[in-house]
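S.K.: Could you have a look at this structure, given as structure tokens, before my questions?
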Amino acid sequence: TEAVMKLTGDRGADVCFDPVGGEYFDKALSSLGWGGRIVLVGFVGGIPQIPANRLLVKNRSACGSSLRYFRW
């Protein structure tokens with residue numbers, strides 16, 4: 001999170017692609033800036049619980065995508 005903030009001038013990331021979930025999800029969500037989006041692609045590290053207040057406070061959004069449908 002600190003590294004992302006440093007790289008973005010304390011703005012935060014616009015998009016995070018999360019193929020792991022679990023304990024890394026919280027750090028990924030925290031690294032998003034205003035209006036940031038997190039795309040959940042997998043949960044090998046565990047299924048994250050998404051607190052709605054963490055999305056609402058900074059106008060963030062979360063969506064899921066399964067890559068298996070893109071193989072065709």
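S.K.: Which of the residues that make up the stretch 41-51 are exposed (fewer than 13 other Cβ atoms within 10 Å of the Cβ) and not aliphatic (A, V, I, L, M)?
M.R.: If the condition is that a residue be exposed (fewer than 13 other Cβ atoms within 10 Å of the Cβ) and not aliphatic (A, V, I, L, M), then G46, Q49, P51 are the ones that fit.
S.K.: Keeping to the stretch 23-40, report how many residues are more than 13 Å from K58 (Cα to Cα) and surrounded by 14 or more Cβ atoms within 10 Å (Cβ to Cβ).
M.R.: Count: 6.
S.K.: What are the residues in the stretch 19-46 that are out of contact with any helix residue (DSSP H, G or I) (no Cβ under 9 Å at 6 or more places or on another chain) and more than 24 Å from E2 (Cβ to Cβ), if any?
M.R.: The answer is V44, and nothing else.
S.K.: Based on this model, can you work out whether L67 counts as hydrophobic (A, V, I, L, M, F, W, C) and surrounded by 14 or more Cβ atoms within 10 Å (Cβ to Cβ)?
M.R.: Here the answer is no, as L67 does not meet what is asked.
S.K.: Report yes if E2 is more than 9 Å from the chain's Cα centre (by Cα), open to solvent by 50 Å² or more (accessible area, probe 1.4 Å) and modelled with pLDDT of 90 or more, otherwise no.
M.R.: Yes.
S.K.: Let me ask you something else. Name the residue that is modelled with the highest pLDDT, counting only residues in the stretch 5-22 that are within 19 Å of I47 (Cα to Cα) and open to solvent by less than 40 Å² (accessible area, probe 1.4 Å).
M.R.: Among those that are within 19 Å of I47 (Cα to Cα) and open to solvent by less than 40 Å² (accessible area, probe 1.4 Å), it is C16.
The values are calculated or read from the model by the stated rules, or taken from the named source; none is laboratory data. Keep in mind it's a predicted model, so treat the numbers as computed, not measured. Cβ: placed from backbone, ideal geometry, glycine included. Neighbour counts: every protein chain shown. Calculation scope for accessible area: heavy atoms of the full protein, side chains included, ligands and nucleic acids excluded. Shrake-Rupley method; radii C 1.70, N 1.55, O 1.52, S 1.80 Å.
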